[in-house]
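Here the structure is laid out as structure tokens; the discussion comes afterwards.
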Amino acid sequence: MKATVANLEMNAALTTEQQAQIGQDFIADIAELVFADTPNPGRV
């Protein structure tokens, strides 16, 4: 919980663009974990 609060405080100091990039990177990382065992997850 303390780590989450620290992250939120850090994010507050970032620009909107930086936050968006961090969010996209985070989502991409999660998707990679979720689809790691899938042969071709929506990619051609």
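The values are calculated or read from the model by the stated rules, or taken from the named source; none is laboratory data. Model, not experiment: these values are computed from the prediction. With ideal geometry, Cβ positions are generated from the backbone for all residues, glycine too; neighbour counts draw on all protein chains shown.
Within the range 1-20, residues that are without any contact (Cβ under 8 Å) to a residue 12 or more places away in the chain reach partners that are assigned to a helix (DSSP H, G or I) and among the aliphatic types (A, V, I, L, M) with beta carbons closer than 8 Å, at six or more positions or on different chains, in the pairs Asn11/Ile22; Leu14/Ile22.
Of the residues making up the range 15-44, those that are at pLDDT below 80 and either of a type in the set (Val, Ile, Thr) or surrounded by 10 or more Cβ atoms within 10 Å (Cβ to Cβ) (or both) are Thr38, Pro41, Val44.
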